[in-house]
1. Condition check: closer than 30 Å to TRP69 by Cβ, of a type in the set (A, V, I, L, M, F, W, C) and at pLDDT below 85. Does VAL147 satisfy that?
2. List the pairs whose first member sits in region 32-59 and is free of Cβ contacts under 8 Å to residues at least 60 places away in the same chain, whose second member is part of a loop (DSSP other than H, G, I, E, B) and surrounded by 14 or more Cβ atoms within 10 Å (Cβ to Cβ), and whose Cβ atoms are under 8 Å apart, counting only residues at least 6 apart or on separate chains?
3. Take the conditions at pLDDT below 80, outside any strand (DSSP E or B), under 18 Å from ALA38 (Cα atoms) and of a type outside the set (A, V, I, L, M, F, W, C) and apply them to THR167. Does it pass?
4. Kindly indicate the residue of region 29-57 that is among the basic types (Lys, Arg) and assigned to a loop (DSSP other than H, G, I, E, B) and also farthest from GLU74 (Cα to Cα) among those meeting that condition.
5. State whether the residues of region 10-24 include one that is under 22 Å from ALA113 (Cβ atoms) and small (Gly, Ala, Ser).
6. Between PHE47, PHE27, which is at pLDDT 95 or above, of a type in the set (Phe, Trp, Tyr), more than 18 Å from VAL147 (Cβ to Cβ) and under 13 Å from the mean Cα position of the chain (by Cα)?
Amino acid sequence: MTVTAPTGYAIEEVTLYDAPDDVVRPFVELAWVIEEEAVPEDPRRPFEATASRMRMRTSLGEQRRWAAWTPDRELAGQVVLGRNTQDNLHIRDMWVAVHPGHRQRGLGHALFAKALDAIGEGEGLVVQTWTNGRVPEGERFAESVGVKPGLRMRSTASSSPSGPRSTPRATASSGSTRWRRPTGSCPTSSPPITR
């Protein structure tokens, strides 16, 4: 399937494994915007830590990334597709992030479709993604592309003698939601994604 970017954007595959700081910087800055939107009370992660995570290679999995650029080469969004190479070979992890200033233009749908196209068809393939319940656009987007909610998690932090916050603890409840979608079928309500 040919996936076209919305008018005014270009989508291209990028690799950050060996990229210098100036190439990685827009991706780190987008991650900061998304993280601050979801968890505004948390401090910003240092550039070096976030860039290092984006450059990381592992023998346990593979990762592909597509970026959506404006004509001025501003990063408007990205999709990251991960696949474990050791177990659960039928599962693909996908993370779609669109800068708040570029939402509601079909960019998320185009990025999602680009990653689905790369996955291809296969019996029993499952695509899972996640969103944060504090960002309603994430849940609306997930529903618009036909994914179903799965495990709901809540991170909590409590006071401790060593400081105002202790390590967050994930518990089954509400908050962050992992969404799953079997491949091979697309909702009729999402015209940008067809199979």
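1. Details: closer than 30 Å to TRP69 by Cβ: yes; of a type in the set (A, V, I, L, M, F, W, C): yes; at pLDDT below 85: yes.
Yes, satisfied.
2. These pairs meet every condition: TRP32/ARG45; GLU35/ARG45; MET54/LEU16; ARG55/LEU16; ARG55/ALA19.
3. On the way: at pLDDT below 80: yes; outside any strand (DSSP E or B): yes; under 18 Å from ALA38 (Cα atoms): yes; of a type outside the set (A, V, I, L, M, F, W, C): yes.
For THR167, the condition - at pLDDT below 80, outside any strand (DSSP E or B), under 18 Å from ALA38 (Cα atoms) and of a type outside the set (A, V, I, L, M, F, W, C) - is met.
4. Residues of region 29-57 that are among the basic types (Lys, Arg), as a first pass: 44-45, 53, 55, 57.
Next cut, assigned to a loop (DSSP other than H, G, I, E, B) only: 44-45, 57.
Details: ARG44: 21, ARG45: 21, ARG57: 26 Å.
Checking each candidate, the answer is ARG57.
5. Kept after step one, since they are under 22 Å from ALA113 (Cβ atoms), are these residues of region 10-24: 10-16.
Narrowing the set further to residues that are small (Gly, Ala, Ser) leaves 10.
Within region 10-24, one or more residues are under 22 Å from ALA113 (Cβ atoms) and small (Gly, Ala, Ser).
6. Values: PHE47 fails: under 13 Å from the mean Cα position of the chain (by Cα).
The conditions single out PHE27.
Yes/no per residue for (1) of a type outside the set (Gly, Ala, Ser); (2) touching a residue at least 40 places away in the same chain (Cβ under 8 Å); (3) under 24 Å from VAL24 (Cβ atoms):
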{"site": "GLY61", "(1), (2), (3)": "no, no, yes"}
{"site": "ARG65", "(1), (2), (3)": "yes, yes, yes"}
{"site": "TRP69", "(1), (2), (3)": "yes, yes, yes"}
{"site": "GLY77", "(1), (2), (3)": "no, yes, yes"}
{"site": "GLN86", "(1), (2), (3)": "yes, no, no"}
{"site": "GLY101", "(1), (2), (3)": "no, no, yes"}
{"site": "ALA118", "(1), (2), (3)": "no, yes, yes"}
{"site": "GLU121", "(1), (2), (3)": "yes, yes, no"}
{"site": "GLU139", "(1), (2), (3)": "yes, no, no"}
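Yes or no, residue by residue, for (1) in a loop (DSSP other than H, G, I, E, B); (2) in contact (Cβ under 8 Å) with a residue 60 or more places away in the chain; (3) within 14 Å of the chain's Cα centre (by Cα):
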{"site": "ASP72", "(1), (2), (3)": "yes, no, no"}
{"site": "GLY82", "(1), (2), (3)": "no, no, yes"}
{"site": "ALA97", "(1), (2), (3)": "no, yes, yes"}
{"site": "ARG105", "(1), (2), (3)": "yes, yes, no"}
{"site": "GLY108", "(1), (2), (3)": "no, no, yes"}
{"site": "LEU111", "(1), (2), (3)": "no, yes, yes"}
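The values are calculated or read from the model by the stated rules, or taken from the named source; none is laboratory data. On a predicted model such as this, the values are computed, not experimentally measured, just so you know. Positions of Cβ are backbone-derived with ideal geometry, glycine not excepted, and every protein chain shown enters the neighbour counts.
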